[in-house]
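Input: a single structure, listed below in structure tokens.
The values are calculated or read from the model by the stated rules, or taken from the named source; none is laboratory data. Quick caveat, the model's predicted, so the values are computed rather than measured. Please note: Cβ atoms are built from the backbone with ideal geometry, for glycine as well, and neighbour counts cover all protein chains shown. When the accessible area is computed, the model is the full protein with side chains, heavy atoms only, and any ligands, DNA or RNA have been set aside. Shrake-Rupley method; radii C 1.70, N 1.55, O 1.52, S 1.80 Å.
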Amino acid sequence: MTKTNQPERAVWAEKTTVCMIEQNVLPFKYQVFRSESYAKTIVAIKTMITRGAGSIGAAAGYAMAQAASEAPKNDYLNFINTAKKEIEASRPTARDLFAATERVYQKAKKNKALAWLEAQLVADEIVDAGEKIGKLGNALLKNKARILTHCNAGWLALVAHGSAIAPIYEAHNTGKKVFVYVDETRPRSQGARLTAWELNRAKIPHAVIADNAAAHYMQQGSIDIVITGADRIAANGDTANKIGTLEKAIAAKYFGIPFYIAAPISTFDFETKNGAGIPIEERSEGEVIFQTGLDESGNLQKIQTVSPNSHALNPAFDVTPAELITGFITPKGIFTAKELLKLTINPLKPSHFR
Ligand code: MRU
């Protein structure tokens, strides 16, 4: 919480400057990255200075508003159209990026002041969604619950509160004892670096585990529930999230452990029927080949951990089929995949079929 008792934000705007907590240097350094132009905000999204579906969405919305501010009067529409395409090309999987850019673009077509109001609204709505997910998801966590999570779906990833971590914060804040198994989440280690940092700050008991250790703990009976976030959820409930989520869902199903996805409504892509239609981002092989961390003298070092001359493959996300997902924790309630199909906003709902 900040001094004004507002939750700390991972992304925010100061006039027309977009400010982002620099997630590439956490947990070793706490720095704020300031972007004065839409092009620089795009670079911040691409290089994962800000990351996580909700934070990417907020940053993309602000980038669209920055473009409206930068657009010359005599070429206004052309300029914002080009900017929209560039923002949308920055990261392909996170649905929130497209939802936010489109919303702000529609206002930017009228004028830049409306664009900024909308960008702020987008960010505020993401924060509100995280708070509601936390309150609703807390009902799934009993006292002494042991939770497995993958990647970082905390406040760094959703502007504030978080998605998968929001119910854990709420449980902790309402006096429940919880323990969190944090998947390391190679190759970029968002679990080991960011989720562990968040949980440390909140004094929530946790342990980082190697990515390949989760099934072992499930088999031992040490995990009661799995909760992850999402980058895009298709109309039938198939869910794209950080690479490795699929493996955890398969293992959870095998051991009979409930597996939940937590996400705001803006992460749902009701126009995409199923997971086969979700674009999967491929990132550079350097993210697999090199690791960054502190050496014994406390200096940040990038080191090679893969055999020289070997190549690497680096899909950033995978798709978990809806049948492996126990439920979706959303700000509007907790739904099964079948219930999702009944939502009025879902074009696949039964009444749409003759
Ligand atoms: O590549 P990243 O770090 O942006 O991927 C993030 C995730 O996969 C999160 O689990 C996801 O965004 C859900 S949290 C809002």
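Can you tell me the length gained on complete extension of the stretch K176 to I265, counting 0.36 nm per residue apart and subtracting the Cα distance? The partial results should precede the final answer.
Details: separation 89, 0.36 × 89 = 32.04 nm, distance 2.72 nm.
The span from K176 to I265 would gain 29.3 nm if fully extended.
Using only the alpha carbons of segment 37-99, what is the convex hull's orientation-averaged projected area in square nanometres? Can you show the working numbers first?
Details: hull surface 14.3 nm².
Computing the convex hull of the Cα atoms and averaging its projections yields 3.6 nm².
Determine the alpha carbon to alpha carbon distance for each of K135/K177; K84/K109; K46/K110; K132/K332; K84/K112; K85/K109 and list only those over 19 Å.
Details: K135/K177 16 Å; K84/K109 11 Å; K46/K110 28 Å; K132/K332 8 Å; K84/K112 14 Å; K85/K109 14 Å.
Violating the 19 Å Cα-Cα cut-off are K46/K110.
Would you mind computing Rg(Cα) / (2.2 N^0.38 Å) for segment 140-230, counting N as its residues? Could you put the intermediate results ahead of the total?
Working: Rg = 11.9 Å, N = 91, 2.2 N^0.38 = 12.2 Å.
Compared with the compact-globule rule of thumb, segment 140-230 sits at 0.97.
In whole percent, what relative contact order does the chain give with Cα contacts below 8 Å and a gap of six or more residues?
Working: 763 pairs, mean separation 52.8, N = 354.
Relative contact order of the chain: 15 percent.
For the chain, state what percent of all Cα-Cα pairs lands in each successive 10 Å bin, counting from 0 Å until the bin that includes the largest distance.
Histogramming the chain at 10 Å steps yields 6, 25, 34, 25, 9, 1, 0 percent.
Of all trypsin sites (Lys or Arg not before Pro) in segment 189-280, which ones are in loop regions per DSSP and have a Cβ with at most 15 other Cβ atoms within 10 Å? Walk me through the intermediate numbers first.
Values: sites: R193, R201, K203, R232, K242, K248, K253, K273; in loops: K203, K273.
Answer in residue order: K203, K273.
Cross-link candidates for K302: which lysines have Cα within less than 18 Å, leaving aside residues fewer than 8 places away along the same chain?
Once the sequence-local lysines are set aside, what remains near K302 is K29.
Pop the C-beta distance of T305 and A39 into the FRET formula with R0 = 30 Å and round what comes out to the nearest 0.05. Kindly include the intermediate steps, with their values, before the conclusion.
Values: r = 33 Å, r/R0 = 1.09.
Here the calculated transfer efficiency is 0.40.
At 1.4 Å probe size, with no ligands or nucleic acids counted, give the accessible surface of V127 in Å², nearest ten.
10 Å²
Could you give the nm distance between label points at A207 and T292, where each point is 7 Å from its Cα heading toward the beta carbon?
2.9 nm
How large is the direction-averaged shadow of the alpha-carbon convex hull of segment 11-130, in nm²?
Numbers: hull surface 26.6 nm².
Averaged projected hull area, Cα only: 6.7 nm².
Which chymotrypsin sites (Phe, Trp or Tyr not before Pro) in segment 266-354 pass both tests, a DSSP loop state and at most 16 other beta-carbon atoms within 10 Å?
Values: sites: F268, F270, F290, F317, F328, F335, F353; in loops: F270, F353.
Those that pass, being in a loop and sparsely packed, are F353.
Report the Cα centroid-to-centroid distance between segment 142-194 and segment 28-85 in angstrom, as an integer.
28 Å
With r defined as the distance between the Cβ atoms of K342 and Y254 and R0 fixed at 22 Å, what FRET efficiency is calculated, to the nearest 0.05?
Working: r = 29 Å, r/R0 = 1.30.
Computed FRET efficiency for K342 and Y254: 0.15.
Show me the GluC sites (Glu not before Pro) within segment 253-318 that DSSP assigns to loop and that have at most 13 other Cβ atoms within 10 Å of their Cβ.
Working: sites: E271, E281, E282, E285, E287, E296; in loops: E271, E281, E285, E296.
Answer by residue number: E271, E296.
In nm, to one decimal, how far is the modelled label at Y30 from the one at K110, with both set 7 Å along Cα→Cβ?
Result: 3.9 nm between the two label points.
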